[in-house]
Amino acid sequence: PGTYEPDKLTDYEVGFRGDYLDRRLHLDLSAFYIDWKKIQLQVTNKLGLNYAGNGGTAVSKGFEATTSYVFDFGLTLGANAAYTDAYLTEDAPGVFGKKGDPLPESALWAVALTADYVQQIEGNTAWTLGADYHHKSKVYNMFRSSATPLPMGAQDIVDAYTGLDFGNSTLRLYVKNLFNNRSYDGLVYSGTYTNPLLVPVQPRTIGVSYDYKLEP
């Protein structure tokens with residue numbers, strides 16, 4: 001086909017946000033429902049030719065909750081949880097999708113936990129310590145009904161840091177992916193759909209950073 005149609009999103013969202021306990025506790029809640037029609041994507045025909053086209057309809061519904069609490073002694077705890085149920089509401093034969101298939105690379109759950117501690121030492125100098133944990137549930141790279149769906153397993157990543165804050169500069173020692181979780185962020189194809197190349201998350205990385213803020 002020489003043309004393809006525009007896609008259309010209709011998004012319904014409701015939320016609530018508030019601060020409590022002398023603004024120590026923050027709460028942010030939201031829920032959404034998205035109706036997606038005439039999805040634009042790369043379509044493959046029976047001859048194996050790829051072209052831009054439309055791929056049916058889908059919905060995405062879920063919620064997100066974020067909260068944090070600041071303690072008197074310098075500790076701040078935070079949490080975020082997002083649930084997203086995104087799936088086709090009709091067949092998409094051009095991309096081998098069937099009604100009810102989850103949308104590719106759409107995680108059902110994403111969760112994050114954070115902890116940050118600040119202790120004043122002397123003057124403008126403070127010791128900082130923190131860690132965060134991120135979880136993302138298993139996703140598929142293609143529609144589940146396609147001939148070659150490739151699931152990418154759940155992610156569980158922990159980062160940590162410690163350092164000194166001197167007011168206008170910061171020295172920090174950090175570790176990314178502390179437990180060396182071997183999961184994947186995505187994939188690319190080399191020539192055909194039968195030869196996928198997985199893109200790994202950054203392996204355990206230890207480093208030192210120094211930041212200096214110039215005064216205006």
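For the stretch 72-97, the set of residues classified as of a type outside the set (Asp, Glu), at pLDDT below 95 and over 23 Å from Thr10 (Cβ atoms) consists of Phe73, Gly74, Pro93, Phe96, listed by residue number.
Okay, residues lined up against (1) outside any strand (DSSP E or B); (2) closer than 21 Å to Thr114 by Cβ; (3) not basic (Lys, Arg):
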| residue | (1), (2), (3) |
| --- | --- |
| Phe143 | yes, no, yes |
| Val158 | no, yes, yes |
| Leu164 | no, yes, yes |
| Leu197 | no, no, yes |
| Ser209 | no, yes, yes |
| Pro216 | yes, no, yes |
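All conditions but one from (1) on the phi > 0 side of the Ramachandran plot; (2) within 14 Å of the chain's Cα centre (by Cα) apply to Ala81; the one that does not is (1). Residues in the stretch 111-141 that are under 30 Å from Ala81 (Cα atoms) and not in a loop (DSSP other than H, G, I, E, B): 21 in all. For the stretch 87-108, filtering for residues that are part of a loop (DSSP other than H, G, I, E, B) and in contact (Cβ under 8 Å) with a residue 24 or more places away in the chain leaves 12.
The number of residues in the stretch 197-216 that are of a type outside the set (Phe, Trp, Tyr) and under 18 Å from Tyr174 (Cβ atoms) comes to 10. Here the condition is being touching a residue at least 24 places away in the same chain (Cβ under 8 Å), β-branched (Val, Ile, Thr) and either touching a Pro at 6+ places or on another chain (Cβ under 6 Å) or open to solvent by less than 40 Å² (accessible area, probe 1.4 Å) (or both); of Val118, Val139, Val111, it holds for Val139 alone. The residues listed here are Thr44, Thr84; of these, the one that is touching a helix residue (DSSP H, G or I) at 6+ places or on another chain (Cβ under 7 Å) and either of a type outside the set (A, V, I, L, M, F, W, C) or touching a residue at least 60 places away in the same chain (Cβ under 8 Å) (or both) is Thr44. Looking at (1) more than 21 Å from the chain's Cα centre (by Cα); (2) modelled with pLDDT of 95 or more; (3) among the charged types (D, E, K, R), which is the one condition that is false for Glu215? Against the list (1) more than 21 Å from the chain's Cα centre (by Cα); (2) modelled with pLDDT of 95 or more; (3) among the charged types (D, E, K, R), Glu215 comes up short only on (2).
Being touching a Gly at 6+ places or on another chain (Cβ under 9 Å) and of a type in the set (Phe, Trp, Tyr) narrows it down to one of Tyr133, Tyr184, so name that one. Spell out the reasoning first.
Working: Tyr133 fails: touching a Gly at 6+ places or on another chain (Cβ under 9 Å).
Tyr184 is the lone residue from the list that is touching a Gly at 6+ places or on another chain (Cβ under 9 Å) and of a type in the set (Phe, Trp, Tyr).
Evaluation of Thr162 against the conditions (1) under 29 Å from Trp109 (Cβ atoms); (2) open to solvent by less than 60 Å² (accessible area, probe 1.4 Å) shows that the sole unmet condition is (1). Across the stretch 36-91, the qualifying residues are those that are open to solvent by 70 Å² or more (accessible area, probe 1.4 Å) and of a type in the set (S, T, N, Q), and the one among them that is farthest from Glu5 (Cα to Cα) is Asn50.
Give the stretch 1-35 a look and list any residue that's among the small types (Gly, Ala, Ser), farther than 20 Å from Leu77 by Cβ and loosely packed, with under 14 Cβ neighbours inside 10 Å, or say none.
Residues satisfying the conditions are Gly2, Gly15.
The set of residues in the stretch 147-180 being touching a Gly at 6+ places or on another chain (Cβ under 8 Å) and under 12 Å from Tyr210 (Cβ atoms) consists of Thr170, Leu171, Arg172, Leu173, Tyr174.
The values are calculated or read from the model by the stated rules, or taken from the named source; none is laboratory data. Please read all numbers here as calculations on a predicted model, not as lab measurements. No Cβ is skipped: glycine too gets one built from the backbone with ideal geometry, and neighbour counts run over all protein chains shown. Surface accessibility is based on the protein's heavy atoms, side chains included, excluding ligands, DNA and RNA. Shrake-Rupley method; radii C 1.70, N 1.55, O 1.52, S 1.80 Å.
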